[in-house]
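> This structure is in structure tokens; I'll ask about it shortly.
The values are calculated or read from the model by the stated rules, or taken from the named source; none is laboratory data. Small disclaimer: the values here were computed from a predicted structure and weren't measured. Here the Cβ is made from the backbone with ideal geometry for all residues, glycine too, and neighbour counts use every protein chain on show. Heavy atoms of the whole protein, side chains included, go into the accessibility calculation; ligands, DNA and RNA do not. Shrake-Rupley method; radii C 1.70, N 1.55, O 1.52, S 1.80 Å.
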Amino acid sequence: MTVEEKLGQLQQLAGAWETGPGGNSTKNAVESAARAGRLGSVLSAFGARSTNALQRIAVEESRLGIPLLFGLDVIHGFWTTFPIPLAQAASFDPGVARTDAEVSAQEARANGVHWTFAPMADVTREPRWGRVAESCGEDPYLTAEFTAAKVAGYQGRDLRAKDRVAACAKHFVAYGGAEGGRDYNTVDVSEARLRNLYLPPFRAALDAGAATVMASFNTVGGVPAHGNAHALTEILKHQWGFDGFVVSDWNGVRELVAHGFAEDDAAAARLALTAGVDMEMVSTTLREHGERLLREGRIDAGRLDDAVARILRLKFTLGLFDDPYADEGAAVAGPVPATRRAARAAAARCMVLLKNERGTLPLRTSVGSIAVVGPFGDSGDLLGTWAVPAAAAKYPSVRVLDAVRRAAPGARVTYARGVATEGGDTRGIRAAVAAARAADVTVVVVGEPPALSGEAAARADIGLPGVQERLIEAVARTGRPFVVVLVNGRPLTVGGWLDSAPAVLEAWHPGVEAGNAIADVLFGKVDPGGRLPVSFPRAVGQIPVHYNHESTGRPYAAGVKYTSGYLDLPPDPQFAFGHGLSYTTFRIGAPRLSRASVPARALHAGDTVEVSATVTNTGAHAGDEVVQLYVHDVAASIARPVRELRGFERVTLAPGATRTVRFRLGARDLGFWTNDPGGVFRLEEGAFDLYVGNSSTATAKRRLTVT
Ligand code: BGC
């Protein structure tokens, strides 16, 4: 390969001729780069015919005929839009993520896509950050389990298969730590926090075989991730032995200049390649300056070859050298009944019953009349932030109103919007109130439009937008029974109106089958078994508020001055991590240990301790409970979180049924990473408190001693 051809493999251009920072390529520019062998990959082009047309240019008209790699953001569905990743995490069932990934992979690969920019493995404690919607929330253990499941679902066992795509664990690293929740903002973390909080889901993605990793837009300790050799080379490639490739984020290499880290584009190219970026998305600094940098000895020829080899390796693994084309006859053109069924089941599994007084839910299908009110009651815009635009245009979500009508065919169902999703117009509230007065029960569907979460969608006020709270309050004043259904992409502050609402169902952005899945839960066809993967703050002023915080020397004590709290609010969230109700009741017995003490030596050698508990359905309906195990290292050489999730299992039990849930704790679960930049994992002797229950506030505990 000539130097030009090598640099070409490192180049990825946008093929959708869309707009975004850093400029876009015209169709001509992409085609002529492919012809000249100066293009390795294209993002955002899809469809068997159009990808094949471009592929033919690369394969048949370029000197070496190296096939292009087509990448796309398939985040929670391609044609069949599944619930947003945050919702999926709420299912506490990694099988949900796996199913999404399998359906996505099949639909995407059939449309010429080889590679998805997912899963997002970023842990975040920032509900203001719009990309919390794309995350699995605030816990590294839960995020790791879901990330691994997604990678397995996308990639399967053989990437040559025509229903699999290569995965990309993103964004490396600590992107979710953006100060103030503003996208792309600074992140400054200790080595210990980096390794204990942000890195584990990436490690899990690689252990599951993730083919690629994407660098993140933020700085880490002052060094932008795209120029961060510690993260990209020392940790990822050397310590973890990652042999896939690192793709930059959109224009991320050139943005090293805006970061104030590189003087100009040539310096950005040199710094990024040297730090470990292998492929440049959208910006063209390596293509423009690479040859000169190499001639002047400012980039290393070995490093360039390494980057090229990493990229070519994936093309071989995908089978592109043998069969570069998508089968135009087999193209999947939309959701089919089986994928819709999967999306509906997934969405219902993700919903979290936050509150349910006086058995308001489930609704009876025999109810005489139902009023559906609120701006999302008759909306097809419940797909979520990363729905593929073509899918959003053709396959909007099933409307709640339609689904309620189908679920309760004998009922008189009326609809009044009341208010818009945003803005201050309250004139429609009167009609909504009249509808509520005339109905046996009212379903108020409120929330955030998907455009208010996702990338570059930070909010400083995370309450319900517009005057939707006024609508809920007005319905409450009728004194008639009602339920609130929330559709949103982030934790919301649910302050004022919460006390007056007898029942609140968190439905997130449920995807293409939204209305049906919401109706399934409202009418009790599906028991709400989802649990919160993030804390819901009482007020923005509490942020960051997360269950796995470290202790202080003065832990909060109610009513005691000089402890770590607020004068005007309790320090704990409105709804805690792991919280969620069911239509039935459960009793979780006291945790049992297979032994009360264990030598550290034995744990290091692979031994484990079993923690078990019985869970019984004590109610009258079949239902789902999520049994959760938390660990607290009582004293360690660095302050450890007050609790850390180390196991969970979602069980479905018939009334009266009992099951024993078993978890195993090993060295990985009890030890931690220190601040040593070389990466030191330590398991220290001493006491550990183990909590088992149905949320992060579980009180039943046992002590384990590591000797
Ligand atoms: C986002 C990535 C995404 C990429 C390509 C960027 O702006 O940060 O998550 O994969 O665009 O669309």
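> Among the residues of the range 229-260, how many are of a type in the set (Phe, Trp, Tyr), away from the ligand (no atom under 14 Å from the Cβ) and assigned to a loop (DSSP other than H, G, I, E, B)? Can you show your working first?
The first filter runs over the range 229-260 and keeps only residues of a type in the set (Phe, Trp, Tyr), leaving 240, 242, 245, 250.
Then keep just the ones that are away from the ligand (no atom under 14 Å from the Cβ); that gives 240, 242, 245.
Subset that is assigned to a loop (DSSP other than H, G, I, E, B): 240, 242.
Adding up the residues that qualify gives 2.
> Now for a separate question. Would you mention how many residues in the range 572-589 are part of a loop (DSSP other than H, G, I, E, B) and in contact with a strand residue (DSSP E or B) (Cβ under 7 Å, 6 or more places away or on another chain)?
Residues of the range 572-589 part of a loop (DSSP other than H, G, I, E, B): 572-574, 576-580, 582-585, 589.
Then drop every residue that is not in contact with a strand residue (DSSP E or B) (Cβ under 7 Å, 6 or more places away or on another chain), which leaves 573-574, 578, 580, 582-584, 589.
Going through the range 572-589 one residue at a time, the tally reaches 8.
> Quick check: anything in the range 214-236 open to solvent by 30 Å² or more (accessible area, probe 1.4 Å), over 19 Å from Thr147 (Cβ atoms) and among the hydrophobic types (A, V, I, L, M, F, W, C)?
yes
> Still on this model: Please count how many residues of the range 600-617 are open to solvent by 20 Å² or more (accessible area, probe 1.4 Å), aliphatic (A, V, I, L, M) and within 18 Å of Gly686 (Cβ to Cβ).
1
> Further question on the same structure: Taking the condition away from the ligand (no atom under 14 Å from the Cβ), touching a His at 6+ places or on another chain (Cβ under 6 Å) and either over 18 Å from Ala210 (Cα atoms) or open to solvent by 10 Å² or more (accessible area, probe 1.4 Å) (or both), does Arg125 pass? It would help to see each step written out before you state the result.
On the way: away from the ligand (no atom under 14 Å from the Cβ): yes; touching a His at 6+ places or on another chain (Cβ under 6 Å): yes; either over 18 Å from Ala210 (Cα atoms) or open to solvent by 10 Å² or more (accessible area, probe 1.4 Å) (or both): yes.
Against the criterion (away from the ligand (no atom under 14 Å from the Cβ), touching a His at 6+ places or on another chain (Cβ under 6 Å) and either over 18 Å from Ala210 (Cα atoms) or open to solvent by 10 Å² or more (accessible area, probe 1.4 Å) (or both)), Arg125 qualifies.
> Filtering the range 444-477 down to residues that are surrounded by fewer than 18 Cβ atoms within 10 Å (Cβ to Cβ) and touching a Lys or Arg at 6+ places or on another chain (Cβ under 8 Å), which residue is nearest to Gly515 (Cα to Cα)?
Applying the filter and picking the extreme gives Glu455.
> Arg195 fails exactly one of the following numbered conditions: (1) away from the ligand (no atom under 16 Å from the Cβ); (2) open to solvent by less than 20 Å² (accessible area, probe 1.4 Å); (3) farther than 16 Å from Gly176 by Cα. What is the number of that condition?
(3)
> Could you go through the range 150-159 and let me know if any residue there is touching a Leu at 6+ places or on another chain (Cβ under 6 Å) and either more than 11 Å from Pro201 (Cα to Cα) or at pLDDT below 95 (or both). If you could, list the steps in order and put the result at the bottom.
From the range 150-159, those touching a Leu at 6+ places or on another chain (Cβ under 6 Å) are 159; that's our starting set.
With the extra rule that they be either more than 11 Å from Pro201 (Cα to Cα) or at pLDDT below 95 (or both), the set shrinks to 159.
Yes: the range 150-159 contains one or more residues that are touching a Leu at 6+ places or on another chain (Cβ under 6 Å) and either more than 11 Å from Pro201 (Cα to Cα) or at pLDDT below 95 (or both).
> Can you tell me which residue is nearest to the ligand (Cβ to nearest atom) among those in the range 198-228 that are closer than 22 Å to Glu179 by Cα and of a type in the set (Gly, Ala, Ser)? Steps first, please.
Taking the range 198-228 and keeping what is closer than 22 Å to Glu179 by Cα, we get 198-202, 214-228.
Restricting the remaining residues to those that are of a type in the set (Gly, Ala, Ser) gives 215-216, 221-222, 225, 227.
Details: Ala215: 10, Ser216: 8, Gly221: 20, Gly222: 21, Ala225: 11, Gly227: 17 Å.
Only one residue fits best here, namely Ser216.
> Name the residues in the range 90-99 that are crowded, with 24+ Cβ neighbours inside 10 Å and closer than 16 Å to Ala342 by Cα, would you? It would help to see each step written out before you state the result.
Of the residues in the range 90-99, the ones crowded, with 24+ Cβ neighbours inside 10 Å are 90-93, 96-97.
The answer is Ser91, Asp93, Val96, Ala97.
> Continuing with the same structure: Which ones in the range 478-496 are under 23 Å from Ala434 (Cα atoms) and either in contact (Cβ under 8 Å) with a residue 24 or more places away in the chain or surrounded by 22 or more Cβ atoms within 10 Å (Cβ to Cβ) (or both)? It would help to see each step written out before you state the result.
The first filter runs over the range 478-496 and keeps only residues under 23 Å from Ala434 (Cα atoms), leaving 478-486, 496.
Scanning the range 478-496 gives Thr478, Arg480, Pro481, Phe482, Val483, Val484, Val485, Leu486, Gly496.
> Go through the range 267-298 and count every residue that is farther than 30 Å from Phe681 by Cα and either within 16 Å of the ligand (Cβ to nearest atom) or open to solvent by 10 Å² or more (accessible area, probe 1.4 Å) (or both). Walk me through how you get there before you give the answer.
Within the range 267-298, the subset farther than 30 Å from Phe681 by Cα is 267-270, 279-298.
Next, only the ones that are either within 16 Å of the ligand (Cβ to nearest atom) or open to solvent by 10 Å² or more (accessible area, probe 1.4 Å) (or both) stay: 267, 270, 279-284, 287-289, 291-292, 294-298.
Final tally of qualifying residues: 18.
> Give me the pairs, please: first residue somewhere in the range 455-472 and more than 11 Å from Gly423 (Cα to Cα) and small (Gly, Ala, Ser), second residue anywhere and within 16 Å of the ligand (Cβ to nearest atom) and not in a loop (DSSP other than H, G, I, E, B), beta-carbon distance under 6 Å, and either six or more positions apart or on two chains.
Close Cβ pairs (under 6 Å, with a partner that is within 16 Å of the ligand (Cβ to nearest atom) and not in a loop (DSSP other than H, G, I, E, B)) amount to Ala457/Gly130; Ala458/Gly130; Ala458/Gly181.
> Can you find even one residue in the range 41-50 that is away from the ligand (no atom under 14 Å from the Cβ) and open to solvent by less than 20 Å² (accessible area, probe 1.4 Å)?
Among the residues of the range 41-50, at least one is away from the ligand (no atom under 14 Å from the Cβ) and open to solvent by less than 20 Å² (accessible area, probe 1.4 Å), which makes the answer yes.
> Moving to a separate point now. What is the number of the single condition among (1) within 16 Å of the ligand (Cβ to nearest atom); (2) under 16 Å from Thr116 (Cα atoms); (3) of a type in the set (Lys, Arg) that Arg182 does not meet?
It fails just one condition, (2).
> Got at least one residue in the range 551-562 being touching a Pro at 6+ places or on another chain (Cβ under 7 Å) and in the same structural domain as Gly671 (by TED's automatic domain parsing)? It would help to see each step written out before you state the result.
Initial filter on the range 551-562 (touching a Pro at 6+ places or on another chain (Cβ under 7 Å)): 556.
If we keep only those that are in the same structural domain as Gly671 (by TED's automatic domain parsing) too, we end up with none.
No, every residue in the range 551-562 fails to be touching a Pro at 6+ places or on another chain (Cβ under 7 Å) and in the same structural domain as Gly671 (by TED's automatic domain parsing).
> Scan the range 160-183 for residues that are surrounded by fewer than 22 Cβ atoms within 10 Å (Cβ to Cβ) and more than 23 Å from Gly209 (Cβ to Cβ) and report the count. Can you show your working first?
Filtering the range 160-183 for residues surrounded by fewer than 22 Cβ atoms within 10 Å (Cβ to Cβ) gives 160-163, 179-180, 182-183.
Okay, now just the ones that are also more than 23 Å from Gly209 (Cβ to Cβ), so 179-180, 182-183.
Qualifying residue count for the region: 4.
> Still on this model: Of (1) open to solvent by less than 10 Å² (accessible area, probe 1.4 Å); (2) within 15 Å of the ligand (Cβ to nearest atom), Glu138 satisfies all except one. Which?
Result: Glu138 passes all but (2).
> Looking at (1) free of Cβ contacts under 8 Å to residues at least 60 places away in the same chain; (2) outside any loop (DSSP other than H, G, I, E, B); (3) away from the ligand (no atom under 16 Å from the Cβ), which is the one condition that is false for Ala161?
(2)
> For the range 311-359, enumerate the residues that are assigned to a helix (DSSP H, G or I), touching a strand residue (DSSP E or B) at 6+ places or on another chain (Cβ under 7 Å) and within 30 Å of Pro502 (Cβ to Cβ). Please lay out each step first, then the result.
Taking the range 311-359 as the starting set, the residues that turn out to be assigned to a helix (DSSP H, G or I) are 311-317, 328-330, 337-350, 357-359.
So of that shortlist, the ones also touching a strand residue (DSSP E or B) at 6+ places or on another chain (Cβ under 7 Å) come out as 311, 314-315, 357.
Selection gives Glu357 alone.
> Out of the residues in the range 69-112 meeting the condition of being more than 16 Å from the ligand (Cβ to nearest atom) and touching a strand residue (DSSP E or B) at 6+ places or on another chain (Cβ under 7 Å), tell me which one is farthest from Glu134 (Cα to Cα). It would help to see each step written out before you state the result.
The initial filter retains those residues of the range 69-112 that are more than 16 Å from the ligand (Cβ to nearest atom), namely 79-83, 87-100, 102-103, 105-107, 109-112.
Next cut, touching a strand residue (DSSP E or B) at 6+ places or on another chain (Cβ under 7 Å) only: 90, 92-93, 112.
Details: Ala90: 12, Phe92: 16, Asp93: 17, Gly112: 24 Å.
It comes out as Gly112.
> Could you say which residue among Gly368, Gly359 is at positive phi and open to solvent by 10 Å² or more (accessible area, probe 1.4 Å)? Steps first, answer last, please.
Working: Gly368 fails: at positive phi.
Step by step, each of Gly368, Gly359 is checked, and only Gly359 is at positive phi and open to solvent by 10 Å² or more (accessible area, probe 1.4 Å).
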